[in-house]
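The values are calculated or read from the model by the stated rules, or taken from the named source; none is laboratory data. These numbers come from a predicted model, not from an experiment. Cβ atoms come from the backbone with ideal geometry, glycine included; neighbour counts cover every protein chain shown. Protein only, heavy atoms only, side chains kept; ligands, DNA and RNA dropped before computing areas. Shrake-Rupley method; radii C 1.70, N 1.55, O 1.52, S 1.80 Å.
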Amino acid sequence: MKFEDLLLEIGGFGRFQILILFILCLPRINLPMHFLLHNFLAATPSHHCAIPHQAAFVNLTMEEVLLISIPREPDGTFRSCEMFSQPQFHLLLNSSLQPENNSIIQHCQHGWVYDHSQFTSTISTQWDLVCEQRGLNQATATFFFIGVTVGAVVFGYLSDRFGRKAMLLLSLVCSVVFGMLSAASVSYSMLVITRTLTGVALSGVSLIVLPLGMEWVDIQHRTFSGVLTSIFWSIGNMLLAMVAYFMREWHWLLVAVTGPCLLSIVCLWWVPESARWLIANGKVKQAHRHLLRCARMNRRKDFAVSPEVLRGMATDKKPGESYSYISLFRTPVLRKISLCSGAVWFGVAFSYYGMSLNLTGFGLNMYLSQFVFGIIEIPSKMIMYVLVNRVGRRQSQAWALILTGLCIGANVIIPKPFTSLRSVVAIMGKGFSEAAFTTVFLYTSELYPTVLRQNGMGYTSFVARLGGALAPLVFLLDEVWRSLPEVTYCGVAVCCGSVAFLLPETLNVRLPEGIEDME
């Protein structure tokens, strides 16, 4: 007897599974609220150099004080990082004059003055992470994703070794602790360290939620479960815009996006450990207890399977044998799957963050833009729900990623004046990119056997975070050729999408339990 046959006997998608999925979707909402928090946490409002002895210019308006103190850009706006060494009173007579002697222009000497109309405070205004220090501002996001990358390796291994639920609980508790410490940061160094550790902890949540839910669901409802969980990411996107709109002070914003983890910790009490994992690791009595509870909730009173039957379902694992990331490359089929899925994950994350950082043209404020981006993702997920069940996982994954690349490439060719057309193509690309991300989570969790599933998710997530970390750096290539960043995103997406054709199809296929099922 296979585990899927057992699920059919106890109810493969009843009240028990619905309860588990709902509870597991709560921490899923929290993920984008932290992963995309940098947009608001480190936002840099308009600013200019602080002007010394400003009280001496009592007869001048603020605009006139700026005119004689701050040089202007060619478009007429005041520069953010430079000031005149001496007031240029002659500019009051003719403001169109530009100083011919650059020696009177210097960097800000007395700090900065920020526009607080949109943000009460951000880490940029707190520690003056602007101008020469703007790299430190961007580095907070880099350090966070370094933490996520490390967490993918750590929790991928630990959840296969010690169980899904225990590691999910650990990651949620650590997320609360380090999230609150981030909010209480009194220095930039403290913020960087706590945000990095928060990334490590949240990586566990990201890795474990989907496989834990899917391991309790039958074949027919696996796609629904994966897409449902993914939709809650988009809901988190929209909620982030709302929370950030009402919380304009960065300390309280961090508290607001971290607090919901407490609710997830409480609700996790009702989520059982994966019976698949328990059986695969020889913990038959616990698995039997959870299966009986599932049958009772699903009103399958005639269910009766002895622990001995479950023991016979356990994979052939030698005493003391454990699996690691090296196991992903030991056998031919697993090696091919690991190499190909790693390439696909890199392409998905690389193009997704490339699109997200470069999608413009809405003409909306950042709060409304964040909300709209969340809404845009939902239709693409619903369409993918139909496609992965009709044309299969492999075709859907490959073409979603290839079309993402083609949309990026199309905007290289479309002339700049066609702003409406460029915006439509960019939105289509964003939709395809989100569809590729939705599919890759579902697809990967079906490719790996139970004994290695979390190791596989950890490895692919690690590769994805590398893609996400490299994506912003590609924008620097515009110094070589203006369109080179877009050409790079396009080429990587198309090539990695083509690699997906080499993976096996998993539509309506039993989840493999052990390595021998793969080979």
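Counting only C-alpha contacts under 8 Å and six or more residues apart, can you give the relative contact order of the chain as a whole percent? Intermediate values should be presented prior to the final figure.
On the way: 829 pairs, mean separation 106.4, N = 519.
With pairs under 8 Å counted, the relative contact order is 21 percent.
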For this session: Putting +1 on Lys and Arg Cβ atoms and -1 on Asp and Glu Cβ atoms, find which of Val388, Ser423, Ile408 reaches farthest to the positive end of the dipole of region 319-518.
Result: Ser423
For this session: Can you pull the one-decimal nm distance between simple spin-label points at His53 and Ile326, each 7 Å off the Cα toward Cβ?
Result: 7.2
Problem set entry | For the chain, with +1 on Lys and Arg beta carbons and -1 on Asp and Glu, the positive-most of Val309, Phe40, Val243 along the dipole | Val309
Seminar exercise, completed: Ratio for region 319-518, C-alpha Rg to 2.2 N^0.38 Å, reads 1.09
Seminar exercise, completed: Scanning the chain, every Cys lacking a C-beta partner under 4.7 angstrom -> Cys25, Cys174, Cys261, Cys267, Cys294, Cys340, Cys407, Cys490, Cys495, Cys496
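Between Leu473 and Thr61, what FRET efficiency comes out of the Förster formula 1/(1 + (r/R0)^6) with R0 = 41 Å and r the beta carbon distance, rounded to 0.05? Could you put the intermediate results ahead of the total?
Working: r = 43 Å, r/R0 = 1.05.
Step by step, r from the Cβ atoms, then E = 0.45.
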Problem set entry | Potential extension, Met382-Arg510 segment - 0.36 nm per residue separation minus Cα distance | 43.7 nm
Exercise. Along the charge dipole of region 1-91, which of Ala55, Ile68, Ile10 sits closest to the positive end, that is, farthest toward it, with unit charges on the beta carbon of Lys, Arg, Asp and Glu (+1, +1, -1, -1)?
Worked result: Ile10
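Calculate how large, on average over all directions, the projected area of the Cα convex hull of region 47-114 is; give the answer in nm² to one decimal.
4.4
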Exercise. Give or take rounding to whole Å, what are the principal axis extents of the alpha carbon atoms in region 1-86, in descending order?
Worked result: 87, 25, 18
For this session: Using only alpha carbon pairs under 8 Å that are at least six residues apart, calculate the relative contact order of region 319-518 and give it in whole percent.
Result: 41
Exercise. What distance in nm separates the simple spin-label points at Asp75 and Glu4, each placed 7 Å from Cα in the Cβ direction?
Worked result: 5.7
Problem set entry | Cα centroid separation - region 454-472 against region 1-68, whole Å | 20
Exercise. Angle, helix 332-358 long axis vs. longest principal axis of the chain, Cα atoms, 0 to 90°, nearest 10?
Worked result: 30
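What FRET efficiency comes out for Arg299 versus Phe246 if R0 is 35 angstrom and r is the Cβ-Cβ distance? Round to the nearest 0.05.
Details: r = 43 Å, r/R0 = 1.24.
Given R0 = 35 Å and the Cβ-Cβ separation, E is 0.20.
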For this session: Can you tell me the dipole magnitude for region 47-114 around its Cα centre, using point charges on the Cβ only (Lys, Arg +1; Asp, Glu -1), in Debye to the nearest 20?
Result: 120
Exercise. Taking the Cα centre of the chain as origin and charging only Cβ (+1 Lys, Arg; -1 Asp, Glu), how large is the dipole, in debye to the nearest 20?
Worked result: 1940
Exercise. What nm value, rounded to one decimal, do you get for the distance between Thr142 and Asn365 when each label is placed 7 Å out toward the C-beta?
Worked result: 3.2
Exercise. Hey, how much of the P(r) for the chain falls beyond 41 Å, as a percent of Cα pairs?
Worked result: 28
Seminar exercise, completed: Taking only the alpha carbons of region 134-216, the radius of gyration and the largest Cα-Cα distance, Dmax, both in angstrom, are 13.7, 47
Exercise. For Asp5, what accessible area in Å² do you get when you roll a 1.4 Å probe over the heavy atoms of the protein chains, rounding to the nearest 10?
Worked result: 50
